[in-house]
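Notes to accompany the following structure.
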Amino acid sequence: MSAVETVTEASQTPSLNLRGEDKEQKSELYPYARLLPHFSPEQYPPLTPFEHEDPGFRALQHADPRAFLQNATNVIELTPNLGTEIHGINLVALDSDGRDQLALEVARRGLVVFRNQHEFIDRGPESYLEWGRHFGRLHIHPTSGHPKDYPQIHLVYKDAKSSFNFEREDSITSTVWHSDVSYELQPPGLTTFFLLSQPTTGGDTLFTSQVSTLKKLSPQFVAFLRTLSAVHSGVEQAEFSRSGKRGGIVRREPVEHVHPVVRRHPVTGDEALYINRQFTRRIMGLKREESEAILKFLYDHIDKSGDLQARVKWQPGTVVLWDNRVTAHSAIVDYGKSNERRHGARITPQAERPIPALEGLELPVV
């Protein structure tokens with residue numbers, strides 16, 4: 001998850017600002033020291049296409065696609081349009097069928113929040129990888145920090161001395177709606193995220209339903225949007241790292257891909273708006289002013305649609321899953337002056353290449 005935070009001098013070095021006694025003391029006191037950001041210089045080749053089998057399809061064949069909820073003590077709909085909070089289920093105890101059913105639930109609700117998942121979080125990186133692989137091929141982020149020897153685990157991190165995220169300090173807001181690494185040919189589907197350490201207050205995460213933002217638009221406008229495709233680019237993110245910020249590492253050359261402006265979820269059939277301010281750059285086939293006007297309108301619509309959004313307040317042991325195909329999200333960086341640590345881990349399985357809502361829409365190569 002990309003956050004927009006204040007760049008510190010320490011954020012421009014490829015490792016945490018830990019030396020000698022400070023490092024030893026931090027390792028002793030901080031239980032998740034082995035999961036602190038590491039920036040290996042290893043280079044990776046371009047990602048290759050693969051056939052994605054969505055676990056939600058398997059859940060549709062089950063006698064009860066929501067059977068995993070039978071032992072839940074409480075199921076709360078966070079909003080009518082987005083988000084469910086589930087209590088009484090231990091994610092570690094879910095078998096293969098239960099994970100399939102969870103994937104379907106996340107696809108339908110966009111966002112699912114679990115509390116009191118300390119066992120899941122404390123099982124460590126090998127367990128995270130086993131969990132994530134059930135839902136798809138694990139993505140290795142081209143520029144972010146990861147635990148040493150576990151590049152498939154994307155980390156967000158900020159403390160009093162260091163910050164290793166995709167950060168901007170020239171804006172009046174830290175809210176930047178995005179769908180993770182949407183510039184990839186096959187962007188993520190179901191994503192799992194949790195905090196290992198969090199500030200006393202603040203550091204929440206906002207989510208919005210891109211299914212609902214699309215439904216708010218007039219049918220005539222939606223019909224037009226279905227005919228459009230847009231370029232999503234990882235170039236700016238890579239250049240940000242190459243400039244010495246974040247961690248100063250680019251492990252895989254940045255890519256740009258064209259995706260439909262309106263995509264269809266392969267399991268639910270829901271149509272969702274698929275553009276985001278962080279990675280979408282232009283609409284194909286339109287004049288520059290036309291593209292900018294439409295994108296600005298859509299970004300403003302996403303920003304202002306508070307009735308379609310949900311806000312997750314983090315508590316110790318919270319694990320959040322969302323479907324990147326039908327939601328967007330933003331970190332809330334309101335805790336900087338507290339100098340407290342916020343340390344999160346993301347498990348990011350890739351899914352299919354976005355399916356156009358308009359059948360037969362051609363997606364050009366950039």
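The values are calculated or read from the model by the stated rules, or taken from the named source; none is laboratory data. The structure presented is a predicted model; accordingly, all values stated were derived computationally and were not measured. In this analysis, Cβ positions are derived from the backbone assuming ideal geometry, glycine residues included, and neighbour counts consider all displayed protein chains. Accessible surface areas use protein heavy atoms only, side chains included; no ligands, DNA or RNA. Shrake-Rupley method; radii C 1.70, N 1.55, O 1.52, S 1.80 Å.
Identify, from the list Arg281, Arg263, the residue that is open to solvent by 40 Å² or more (accessible area, probe 1.4 Å), assigned to a strand (DSSP E or B) and at pLDDT 95 or above. Result of the check over Arg281, Arg263: Arg281.
Do we have any residue at all in region 224-239 that's in a loop (DSSP other than H, G, I, E, B), modelled with pLDDT under 95 and crowded, with 18+ Cβ neighbours inside 10 Å? Within region 224-239 (the criterion being in a loop (DSSP other than H, G, I, E, B), modelled with pLDDT under 95 and crowded, with 18+ Cβ neighbours inside 10 Å), the answer is no, since none of the residues qualifies. Determine whether Ser209 is under 27 Å from Asp334 (Cβ atoms), crowded, with 23+ Cβ neighbours inside 10 Å and in contact (Cβ under 8 Å) with a residue 60 or more places away in the chain. Against the criterion (under 27 Å from Asp334 (Cβ atoms), crowded, with 23+ Cβ neighbours inside 10 Å and in contact (Cβ under 8 Å) with a residue 60 or more places away in the chain), Ser209 qualifies. Taking first residues from region 217-230 that are within 23 Å of Ser182 (Cα to Cα) and partners that are basic (Lys, Arg) and surrounded by 13 or more Cβ atoms within 10 Å (Cβ to Cβ), the Cβ contacts under 8 Å between residues at least 6 apart in sequence or on separate chains come to Ala230/Arg281; Ala230/Arg282.
Applying a threshold of 6 Å to beta carbon distances and a minimum spacing of six or more residues, or different chains, the list of pairs starting in region 118-131 at a residue that is surrounded by 14 or more Cβ atoms within 10 Å (Cβ to Cβ) and ending at one that is in a helix (DSSP H, G or I) reads Phe120/Leu91; Phe120/Val92.
Pairs linking a residue in region 138-160 that is under 28 Å from Glu51 (Cα atoms) to a residue that is surrounded by fewer than 24 Cβ atoms within 10 Å (Cβ to Cβ) and of a type in the set (Phe, Trp, Tyr), with Cβ atoms under 7 Å and 6 or more positions apart or on different chains, are Ile140/Tyr44; Gly145/Phe39; Ile153/Tyr128.
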